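Taking it in order: structure first as structure tokens, then the write-up.
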Amino acid sequence: MSENPYQAPIPNPHTVTGGYPANKAPGGLKVICIFCVILGALGLFGSVIGLGSLLAQEQIAEFQKKMSDPSQHEMQAKMAEAQNSFFIPNMFLAICNLFIAPLLLMGGIGVLIKKRWGQKILSRALIAATIFVLIRTVLTSFFQFQVFEIMKETVLDQLPNGPQAGGPAEGTMETIMMASMYFGLALGVVMALSLAAFYFWGWRYLKKDSCQEYLSTFSA
């Protein structure tokens, strides 16, 4: 029996491209999807909590002031002022995350269940997440510097004046405190850049020939 010339070609499941059979998901793609599902779910939860905290920012500040020691009231007021000055950037980040996180979640699930719409959503979500993480890192780092200054002033004001009072020298304490703060900031920046690198790598990975060959077998 002759073949129908009008019939669309059927992909051969045994065709090997880039070291992978066409009907078998590359290992890297599964890793990307699983991480995107987890990060998307966590990001969605975090963005909802973050938006709620921003909207209740004044009430939270008042509650913290009531629960804190009177000697901490000045620091609490300065912290509240710093948070208010960053209200718009923080709101921007929370809203962006509220949109990007569900796309990562949906895209990861869509690719895992072999849907073409999953590939399109995941590709756009990965590049958007890369840009978002970089912007968030810059903004949060700038905010942390302000917090550091407030904490430094508060802690140093409460220290005994020099070794004669039985406490460490102010200069030594300041050095130790600032070193620990900058170490924490540097660690956070490294983790954020690693996350951005993962998202960018995932976006590039989706464009590989072996990955595209597998994704072409998906249903609509």
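Structure above, values below:
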{"read-out": "All positions within the stretch 17-54 that are part of a helix (DSSP H, G or I), at pLDDT below 85 and surrounded by 13 or more Cβ atoms within 10 Å (Cβ to Cβ)", "value": "53, 54"}
{"read-out": "Any hit, the stretch 107-122, residues being of a type in the set (A, V, I, L, M, F, W, C), more than 28 Å from residue 178 (Cα to Cα), in a helix (DSSP H, G or I) and free of Cβ contacts under 8 Å to residues at least 40 places away in the same chain", "value": "yes"}
{"read-out": "Complete set of residues in the stretch 104-131 that are surrounded by 24 or more Cβ atoms within 10 Å (Cβ to Cβ) and more than 11 Å from residue 199 (Cβ to Cβ)", "value": "107, 108, 111"}
{"read-out": "Subset of the stretch 181-206 (residues that are farther than 18 Å from residue 39 by Cβ and either of a type in the set (Ser, Thr, Tyr) or outside any helix (DSSP H, G or I) (or both))", "value": "182"}
{"read-out": "Positions within the stretch 70-92 being hydroxyl-bearing (Ser, Thr, Tyr) and at pLDDT 75 or above, in sequence order", "value": "85"}
{"read-out": "Candidates 10, 60, filtered to the one that is at negative phi and modelled with pLDDT of 70 or more", "value": "60"}
{"read-out": "Long-range neighbours under 7 Å by Cβ, at least six apart or interchain, first residue part of a loop (DSSP other than H, G, I, E, B) within the stretch 207-220, second crowded, with 17+ Cβ neighbours inside 10 Å", "value": "217/22; 218/115; 218/119"}
{"read-out": "Qualifying residue in the stretch 197-206 (condition: surrounded by 13 or more Cβ atoms within 10 Å (Cβ to Cβ), modelled with pLDDT under 90 and either under 24 Å from residue 123 (Cβ atoms) or among the β-branched types (Val, Ile, Thr) (or both))", "value": "no"}
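The values are calculated or read from the model by the stated rules, or taken from the named source; none is laboratory data. Only a predicted model underlies this, so the values are computations on that prediction, with no experimental measurement involved. Cβ coordinates were reconstructed from backbone atoms using ideal geometry, including for glycine residues, and neighbour counts include every protein chain displayed.
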